[in-house]
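To keep things clear, I will list the structure first and then write my remarks on it.
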Amino acid sequence: MTTRPGEAQESNSADLKVFRSGARQFWKKTNRKPQRAAHSDDLCDFCKSLDVDPFIVPQASWYPASPEYPVVVSSKEYLPLAKEHCRLCKVFVAAWDEVRPDPSSPKKPRLKGDIRAFSYLQSGHPFPNNPYGFREQDPVWHLDTLMLAATPTPIISPSPKFSGPGHEIFSFIRAQVQYYTENKGSLICQNVSPIAQSGVFIFRPVLQQPDVSQINSWMNRCKRHHQGKCISTNEDVFDLKVLDCHTLAVIPAPHHCSYVALSYVWGPPSNCTAKPTLPNDAPFAFPQAIQDAIKFTSGLGFNYLWVDKYCIDQMDESSKHIQIQQMHLIYQNAEVTIVAAAGSDENAGLPGVGVPRKTQPFARVGRKEFMFTLRQPQQVIRDSIWCSRGWTFQEAVLSRRLLIFTEDQVYFECAEMTCSESVTPNVDAVPEGLRPRFCQSLSSGLFWGSDFAAPGGRSESSLRQFRQAVRDYSRRTLTYEEDTLNAFSGIAKQFKLVDPPVVHVFGLPIQNVDLLAYEFVISLLWFQPGSAKNVRRQTGFPSWTWVGWKGSILFVDMSLTTFQQSVQISTIELTDGTNIDLRELYERSLSKRANLSSPIALRLDAHILDPAGFTGLRSDGRTILYGGYGVYVSPEPKMMELGRIFEDLKGGILHCMAMGDTSSVLNEVDSLFTLVIRVEDTSRLGMSSFSDAHRVCRLVIENLPSATAIFRGNQLDRFSHFPAKVRLI
């Protein structure tokens, strides 16, 4: 079959018209069709006679805090009568599906149990230690909602202390309910009336498509009431390009244009290396996630979408570098970031937009609604592939607002509020005096719960926040290890906006001009826990920074100690061969015009512990002896490997370089920290810890990077040591 000239262009034009038409028709559909009430023929005899009125708020007399958790439906009476055709039976059976004897052991067999009545305000919060900030005497309980949850019958306790009647039994029930709501969602029962829409929380059935009016109400509330934290930066993005949702062409962004950003998983390396298809060549050549994002962006009323794959020239390394350095501005300036958290790559799409989403157990019986709030979206998001990827961390943290698409609903998060389609907080219903506490409880989201360094703000704990960001980021994975610092650069730039600014030396933060050396030495005391998986060296980065290692990172917590450094930072060697001190590096890092080469080595005036202190192996064959200390190597090596490690320490192939000592504010126990370095190339290998009380040391070396030795109960002067000039690479 031959094609006449111009026919391909006509075909693409036709495709574009179809695509636009599909996007328009998608939002013209009636989105919230009324749910049909169950006819009497749809209900079994048991459900027809079920009376939940005594438990419906506000009539219920057992609110707000009854230790009895009354039984609403007994499994012993009900299960033999359950019918497949009954719509309400299907909801109850779904509730029983997740009942287990021990929440900590999901592999144990499931049990059938009683469905009991609970207060949603007390038991429905996704974070059990933060129950919405309400107290028993607060005038809010008439605005509560009945929550139903199945608990094991008989109650099988994992501990003898739960075996008798009393408070312990109900504490165990609450633990069951917490497990239940995290993994299944909350089963809500409410009257179909205006009263149900005036409670502290509004519960709605989740339909086949997202409710755009509901989502816009979340965003509008944020714009009206969250001026302090959810505002955009005034700084423009240089050479910003956006995707026009009408023409499907990539264009220079109009001045001060409002746009939506997309965060998604590219997928396997082949998706990352192939040159992206030009979007105006064939509209349906877009991956499903991007097709759906275009439709949804138009439905929200925006014309422009920013997608890294198309709005950054992936073939121009210079242009790509410039855009990566502005990533913090791109996501901060976006009105909202759409997150494709369902599926494993860009072809999974947005559930409810271009692909179907899971159905929600729901039944309307007369004037009452029974519905699941679905599994807590925070937990679903944590378990997603999107949440495991390195680049998506800064995309989420830097965005002002997030609309996260999971397999069954849309979740909204900003700096001060979290919402989902199934559960929406109704702040206006809460008495004015209680709103601050209530709103604070709602801010415990996935990415803003720690009050992440606000632009232009002042934060005494910004150094700790930087280290926490490293901790969270290091748990994620990257396709290309050379992206380790690039994928964190947007967050690092955000910390330059605090007062005083935080800058970093290859990922190690410093902040206060008069304490730069002190802070840098503490930042060098990072380590990788023994449980870290797939820990290995990353090429192209120095060994003294966490950037040079793959795996989860932790920093030594100095919050309750005073630290006295015993190593001096002489100079920092750069890739261009120059040597500068920390203060010059700090000042040049703050300059936008400075073209600073990367650090490659640290020149230190240090003290090395005498290798003669390593005296042998303990009789258990698992412990190296250092004087009176037992040095336990983690993870535990084979005996032959342990012997080799001892020989390396004893023979001076490995050295312990003293970094400083501490005194605990609470118990006045002294500690000495050292880095373990390989003498041959002066590269860092890891970190170890010595305890005076238990005569224990943990030494992490070999394939694990961080070995800071902590000698508890001792200071440097109590050990035999010698001075040395070290070039740490």
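For Ala149, state whether it is open to solvent by 40 Å² or more (accessible area, probe 1.4 Å) and either more than 30 Å from Glu432 (Cβ to Cβ) or modelled with pLDDT of 85 or more (or both). When the stated conditions are applied, Ala149 does not pass them. Once segment 544-571 is narrowed to residues that are modelled with pLDDT of 90 or more and closer than 16 Å to Ala606 by Cβ, the residue that is surrounded by the fewest Cβ atoms within 10 Å (Cβ to Cβ) is Gln568. Scanning segment 542-581 for residues that are touching a Gly at 6+ places or on another chain (Cβ under 9 Å), part of a strand (DSSP E or B) and closer than 20 Å to Val676 by Cβ returns Phe563, Gln565.
Which of the residues spanning segment 255-297 are open to solvent by 40 Å² or more (accessible area, probe 1.4 Å), at pLDDT 55 or above and among the small types (Gly, Ala, Ser)? The answer is Ser258, Ser270, Ala285. Scanning segment 374-402 for residues that are more than 21 Å from Thr424 (Cβ to Cβ) and touching a helix residue (DSSP H, G or I) at 6+ places or on another chain (Cβ under 7 Å) yields Trp386, Cys387, Gly390, Trp391, Thr392, Phe393, Gln394, Glu395, Val397, Leu398. Listed here are the strands (runs of 3 or more DSSP E) enclosed by segment 607-712 that have at least 3 residues being at pLDDT 60 or above: 614-617, 623-626, 629-633, 654-664, 670-678, 683-691. Screening Asp41 against (1) open to solvent by 100 Å² or more (accessible area, probe 1.4 Å); (2) at pLDDT below 70; (3) outside any helix (DSSP H, G or I) leaves a single unmet condition, (3). Pairs linking a residue in segment 221-250 that is open to solvent by 70 Å² or more (accessible area, probe 1.4 Å) to a residue that is assigned to a loop (DSSP other than H, G, I, E, B) and of a type in the set (D, E, K, R), with Cβ atoms under 7 Å and 6 or more positions apart or on different chains, are Lys229/Glu416.
Listed by first and then second residue, the pairs with beta-carbon distance under 7 Å, at least 6 apart or on different chains, first residue in segment 40-56 and closer than 15 Å to Phe92 by Cα and among the charged types (D, E, K, R), second modelled with pLDDT of 80 or more and in a helix (DSSP H, G or I), are Asp42/Arg87.
For the subset of segment 572-602 comprising residues that are closer than 19 Å to Leu728 by Cβ and among the small types (Gly, Ala, Ser), which member is modelled with the highest pLDDT? Across segment 572-602, the extreme among qualifying residues is Ala601. Selection of first residues in segment 518-538 that are within 26 Å of Thr662 (Cα to Cα) and buried (at least 21 other Cβ atoms within 10 Å of the Cβ) and of second residues that are of a type in the set (Phe, Trp, Tyr) and modelled with pLDDT of 85 or more, restricted to Cβ pairs under 6 Å at least 6 apart or on distinct chains, gives the following pairs, ordered by first then second residue: Trp526/Trp546; Trp526/Phe555. Taking every residue in segment 570-594 that is under 21 Å from Lys496 (Cα atoms) and pairing it with any residue that is in a loop (DSSP other than H, G, I, E, B) and among the small types (Gly, Ala, Ser), at least 6 positions away or on another chain, the pairs with Cβ-Cβ distances below 7 Å are Arg588/Ala594. Would you check if there is a residue in segment 194-214 being touching a Lys or Arg at 6+ places or on another chain (Cβ under 8 Å) and modelled with pLDDT under 80? Scanning segment 194-214, I find no residue that is touching a Lys or Arg at 6+ places or on another chain (Cβ under 8 Å) and modelled with pLDDT under 80, so the answer is no.
At least 1 residues being out of contact with any Pro (no Cβ under 6 Å at 6 or more places or on another chain) and in the same structural domain as Ala289 (by the TED database) is the threshold, and among the strands (runs of 3 or more DSSP E) wholly inside segment 322-436 those reaching it are 336-340, 401-405, 410-414, 418-420, 423-425. A single member of Lys83, Lys90, Lys76 is part of a helix (DSSP H, G or I) and either modelled with pLDDT of 75 or more or touching a helix residue (DSSP H, G or I) at 6+ places or on another chain (Cβ under 7 Å) (or both), and it is Lys90. Taken as a whole, segment 331-343 holds at least one residue that is open to solvent by 30 Å² or more (accessible area, probe 1.4 Å), modelled with pLDDT under 90, over 20 Å from Cys245 (Cα atoms) and not β-branched (Val, Ile, Thr).
The values are calculated or read from the model by the stated rules, or taken from the named source; none is laboratory data. Just so you know, these numbers come straight off a predicted model, no measurement behind them. Heads up, the Cβs are rebuilt from the backbone with ideal geometry, glycines too, and the neighbour counts pull from every protein chain shown. Note: areas computed on protein heavy atoms with side chains; ligands, DNA, RNA excluded. Shrake-Rupley method; radii C 1.70, N 1.55, O 1.52, S 1.80 Å.
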